[in-house]
Amino acid sequence: MGTRSLTMVILNGETKVAQYGQWDGHPETQGVKIYNFLKKHRKENYKTFKEVLTNNVSFISKDELFKLNEKVEQDKPHSKEENHILNFLSRDHGGNILDVIMEHKDEKIQLADASDFGYDGLFCEWAYVIDLDRNQLEIHKGFFEGEMDPNERFYPSQEKIEEHDLKPDLYGVRNLMYFLIGPDTAEYGVDFPKTEVEFIEEINNAIENHKIIGDFKNWL
């Protein structure tokens, strides 16, 4: 199903991953992929992942991305290097981009920066932000009612509002909840969900406590 989402990773104050996902953006699909990735790597406090992000991952420039997309649209042949880049740019990856990065951890990886998609609370239905500086996974949701708190991560600047023609009530996806993802969360009186079921239940409980517009058709 075409439920669009955004998967982001923050490290040392910088956005290292901002992957657009076209399909199945709900927590039960993309969210669970991210949950399982974090569960797999949290014992080492994401040491290897952080090293790969620091040394091997970068964003392709807008000019390079434009030229590459032009070749794709015109069905022109691609070089071996271009095919390598296209592998990482696929909108099909969604949250699975994290595993893709680790599968290619010894290679140079170029990603597209889709950060701005999070400013659109209408078309971006879910956003998952792994903040490795704070050791937390933020769950952001579209279709919230009412004004947005300017302190929210995805509150847009005036420039972004004008650039993307954003509607005041749908400025960006809003923080629904967060999970602590470090290796020793129990010391804070909480623990990382032990199962996928617990992970989804906590998100569903948070949804019940917020004013969220559930029907996309209401905004067409």
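Read-outs: derived from the displayed coordinates by stated rules, not from any lab. Please read all numbers here as calculations on a predicted model, not as lab measurements. Using ideal geometry, Cβ is built from the backbone for each residue, glycine included, and neighbour counts are taken over all protein chains shown.
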| Net length gained if the chain between Asn69 and Glu103 were fully extended (0.36 nm per residue, minus Cα distance) | 9.8 nm
| For region 21-122, what number results from the quotient of the Cα radius of gyration and 2.2 N^0.38 Å? | 1.17
| query | In region 1-27, which residues have a backbone nitrogen under 18 Å from the label point lying 7 Å from Arg91's Cα in the Cα-to-Cβ direction? | reply | 1-8, 18-26
| query | By how many nm would the segment from Glu81 to Lys47 grow when fully extended, if each residue of separation counts as 0.36 nm and the alpha-carbon distance is taken off? | reply | 9.4 nm
| task | Obtain the nm distance between the two label points defined at Thr15 and Ser157 by a simple spin-label model: each point lies 7 Å from its Cα along the Cα-to-C-beta direction. | result | 1.2 nm
| message | Taking the Cα of Lys40, stepping 7 Å toward and past its beta carbon, and measuring to each backbone N in region 102-126: which are under 13 Å? | response | 102-105
| note | The size of the Cβ-based charge dipole (Lys, Arg +1; Asp, Glu -1) of region 5-219 about the Cα centre, to the nearest 20 debye, is 520 debye
| request: State the label only: which of [x] 29, 21, 16; [y] 27, 24, 15; [z] 53, 19, 12 corresponds to semi-axes √(5λ) of the Cα gyration tensor in Å computed from the shown model? | output: [y]
